[in-house]
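This report refers to the structure that appears directly beneath it.
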């Protein structure tokens, strides 16, 4: 089980994810993408039904995108969506992050790695780190967005919900540092629940003030390869 009850329902999951959540995350991630640099390779691990990577590929037509996901039906959906929408700068791999060592063509090619709501689904983050590091190069950025374990509601939800588990951010950052990754920034966000984010005034308030750690829904972690 990789994505709870949605493992076999890619179309429903695509509709659920295709919301303001994607728009907000594109805004967050775009701060770490250089728009004028051409032919950069951007790799999303856990690309799911493609909501994020497809929109990024449209926004940055001068870059190449690769998405990886372990669910075959999700990858098939992504490929069909990219064809339907004539998005030609994106490709997809159907595999697990633990098998990244099979893809030598990616070694030291990736300029930006994205993992959005992915790491808390991976059983062994130590193995993931050893597989991810070879595809990166010096100055590669790794942009991570995960549910915030310091929010009590989030913590309990991921503890009790089938197919979910908590992501312990401080522990992960320590593990990453042992694999030559340095912390660039860490920020808490999503104070306002998604269903209320359509009210612009609430979004402005959220962005103006620092979101307390214990109230934030998500954490942004950006690492740089040494």
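We did not get these values from a lab; they are worked out from the coordinates using the rules stated. Treat the numbers as computed from the prediction; the structure is a model and nothing was measured. Neighbour counts are summed over all protein chains in view; Cβ atoms, including those assigned to glycine, are modelled from backbone coordinates with ideal geometry.
Could you look through the stretch 72-89, keep only residues that are buried (at least 20 other Cβ atoms within 10 Å of the Cβ) and touching a residue at least 40 places away in the same chain (Cβ under 8 Å), and pick out the one that is farthest from residue 45 (Cα to Cα)? By that ranking, first place goes to 77. Condition check for residue 61 on (1) without any contact (Cβ under 8 Å) to a residue 40 or more places away in the chain; (2) in contact with a strand residue (DSSP E or B) (Cβ under 7 Å, 6 or more places away or on another chain): one failure, at (2). Per the conditions (1) within 15 Å of residue 116 (Cβ to Cβ); (2) in a strand (DSSP E or B), the sole criterion not satisfied by residue 91 is (1).
Filtering the stretch 82-117 to residues that are over 26 Å from residue 37 (Cα atoms) and touching a helix residue (DSSP H, G or I) at 6+ places or on another chain (Cβ under 8 Å) leaves 94, 95, 97, 98, 99, 101. Among the residues of the stretch 154-186, those that are loosely packed, with under 13 Cβ neighbours inside 10 Å and in a helix (DSSP H, G or I) comprise 156, 159, 160, 170, 171, 174.
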